[in-house]
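The values are calculated or read from the model by the stated rules, or taken from the named source; none is laboratory data. This one's a predicted model, so the numbers in the text were calculated from it and none came from an experiment. Heads up, the Cβs are rebuilt from the backbone with ideal geometry, glycines too, and the neighbour counts pull from every protein chain shown. Note: accessible area is taken over every heavy atom of the protein model, side chains too, but ligands, DNA and RNA are not part of it. Shrake-Rupley method; radii C 1.70, N 1.55, O 1.52, S 1.80 Å.
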Amino acid sequence: MAVAGVGLAAYTAKSSGLDARALRPPGALNGIDFLSACVRCGLCVEACPYDTLKLATLFEPVTTGTPFFEARSVPCEMCEDIPCQTACPTGAISPDLASIDDAKMGLAVLIDQENCLNYQGLRCDICYQVCPVMDEAITLDIRRNERTGHHAMFIPTVHSDACTGCGKCEQACPLEKEAIKVLPLEIAKGELGHHYRWGWKEKEKAGESLIGEMLELPHGLPSGDTK
Amino acid sequence: MRLPVGARATQVNGFFNAHKYLILRRISQLTILMLFMLGPLAGVWIIKGNLSASLFLETIPMSDPFVLLQSFVAGHIPETTALIGAAIVTLVYFGLGGRVFCSWVCPVNVITDLAHWLRRKLKIRTSTKLSPNIRWYLLLLSLVMPLITGTIIWEQVNPVSLLHRGLIFTMGLGWFLVAAIFMFDFLLVERGWCGHICPMGAFYNALGKKSIVRVDASSRDKCDKCMDCFAVCPEPQILKGPLFGADKGQSSLIDTGDCTNCGRCIDVCSEKVFEIKNRFTR
């Protein structure tokens with residue numbers, strides 16, 4: 001029985017991590033909390049009008065029976081009424097998500113700059129155009145095109161505060177393999193050291209510089225002179 | 001010459017009466033499954049979801065109390081919908097007999113019944129001895145592990161929900177698990193899965209220990225000891241007392257959570273020893 005327990009625990013541990021290509025429905029609780037709440041009933045899958053959501057089967061790299069979607073094949077269409085959320089009987093898809101625009105299913109990352117057409121100076125712009133939160137989640141930042149010397153490049157830039165992770169950009173990317181991918185937040189996001197502070201933000205908060213406007217630093221001349 | 005199991009009952013009571021509960025059970029199992037499958041297959045939404053949680057006619061929620069209990073132990077307080085659903089399901093099985101789930105609803109039962117039927121037809125008698133208490137240890141395990149892992153651990157592999165979910169959505173490699181259970185029951189242990197291992201059965205067993213609907217060997221004085229009921233019963237150990245314990249003062253009521261109320265003993269008995277009773281007015 002102990003062996004069965006350990007085996008079961010090992011299998012769970014192995015399949016508990018979400019595959020990097022699998023995204024949870026909008027409003028889903030994070031990681032382990034989702035796995036304690038989701039009863040794998042598929043009501044969200046049946047509620048989804050676009051057949052976006054699927055349930056993982058045995059040995060798939062997503063926890064057995066839990067709902068997920070793959071942005072490249074069928075992205076989330078971001079329904080205003082969030083039917084998958086309404087259908088969830090347990091709260092695994094949390095009722096706390098009030099608007100679909102606040103969803104955080106993942107984060108789009110322009111992961112392959114060497115193949116992205118815009119990065120070569122072309123005006124593909126498709127990811128920018130299809131984004132449901134247009135001009136907020138993805139903006140086109142202008143940069144000088146060093147190759148031609150006299151053109152501009154319009155660099156698609158993702159902003160994590162507005163991106164819902166719906167996956168429309170990934171699906172629409174015209175490359176053979178997408179240059180922009182939506183990744184689960186745990187993978188896509190970095191995290192600042194907890195002790196670290198941005199000087200200019202602290203300055204704004206305090207209303208003045210915390211260490212004086214001009215710093216007198218020692219010049220370190222061998223003579224010991226400071227001037 | 002000894003007649004095959006159930007043949008005498010067919011001679012005396014006619015084919016229908018000798019298979020009545022078997023036919024009703026298969027209709028019940030198939031109807032429930034079809035109602036769930038009609039939605040995804042034909043767009044007729046009578047019931048949505050699966051056995052773990054569902055919504056009947058867009059109004060009545062149902063959820064499996066066993067799965068919800070695992071979720072609770074894992075640290076999640078479910079929303080009201082799921083709680084109401086679990087209360088409804090609990091009440092139904094509390095009355096009808098917990099393991100009515102096993103024999104009238106569960107899709108794995110069809111697989112294991114087939115394995116058992118084939119065993120009998122092919123006269124396979126070898127069976128590895130296994131403690132029927134494994135299910136209780138597994139039930140304990142499935143309710144303790146979520147405490148440690150924080151996830152609903154048994155539902156990763158539970159063949160009952162896996163098969164039902166798979167038939168409605170997609171099965172994938174889940175067929176391997178179903179095939180494994182079939183082979184296990186067919187070749188290794190008689191009534192292996194349902195009678196020894198399944199913790200879900202154990203949960204419903206506990207739930208229905210004092211259920212209202214019960215099989216009663218009320219006419220046990222007519223028993224001719226043909227033993228056909230023992231051959232078909234998924235838990236044959238429960239028959240001995242109620243059938244032969246009259247002189248020890250044992251009740252004829254099969255009053256144990258082990259009984260699945262499948263009614264197969266009623267079918268195969270040519271002497272009509274058994275009947276379904278309500279525990280209060282019997």
Once Rh for segment B:209-278 is found with the Kirkwood sum over Cα pairs, what is the Stokes-Einstein diffusion coefficient at 25 °C and 0.890 mPa s, in µm²/s? 207
Can you give the accessible area per residue of the protein assembly as shown, in Å², using a 1.4 Å probe? 50
Determine the share of segment B:209-278's accessible area contributed by carbon and sulfur atoms, expressed in whole percent, with a 1.4 angstrom probe. 55
Cα centroid separation, segment B:66-95 to segment A:64-124 (Å): 30
How much of the accessible area of chain A, probe 1.4 Å, is carbon plus sulfur, in whole percent? 55
Could you work out the local net charge near B:TRP154, counting Lys and Arg as +1, Asp and Glu as -1, over the other residues with Cβ closer than 15 Å to its Cβ? +1
Comparing the chain by itself with all protein chains present, which residues of segment B:78-94 are at least 30 Å² less accessible (probe 1.4 Å)? B:GLU79
For chain B, what is the calculated [θ] at 222 nm in deg cm²/dmol (nearest 500), taking -39500 (n - 2.57) for each run of four or more DSSP H residues and dividing by its residue count? -14500 deg cm²/dmol
What helices in chain B pass both tests, a Cα length along the helix axis of 27 Å or more and a mean Kyte hydropathy of 0.0 or higher, using whole DSSP H runs? B:15-42
Where a Cα-Cα gap under 28 Å defines reach, which lysines qualify for B:LYS123, not counting those fewer than 8 residues away within the same chain? B:LYS20, B:LYS225, B:LYS240, B:LYS272
Please list the non-local residues whose amide H lies under 5 Å from the amide H of A:ALA152, H modeled 1.01 Å from N, same-chain partners needing a gap of 5 or more. A:ASN145
Interface B:A - total buried accessible surface [probe 1.4 Å, Å², rounded to 100]: 2900
How far, in degrees from 0 to 90, does helix A:2-16 lean away from the longest principal axis of the Cα atoms of chain A, to the nearest 10? 60
Cα-Cα over 29 Å: which of B:LYS121/B:LYS209; B:LYS48/B:LYS277; A:LYS168/A:LYS189? B:LYS121/B:LYS209; B:LYS48/B:LYS277
First check a/c for the protein assembly as shown, with a ≥ b ≥ c the square roots of the eigenvalues of its C-alpha gyration tensor; if it is under 1.5, answer rounded, and if not, answer prolate when a/b is larger than b/c or oblate otherwise. prolate
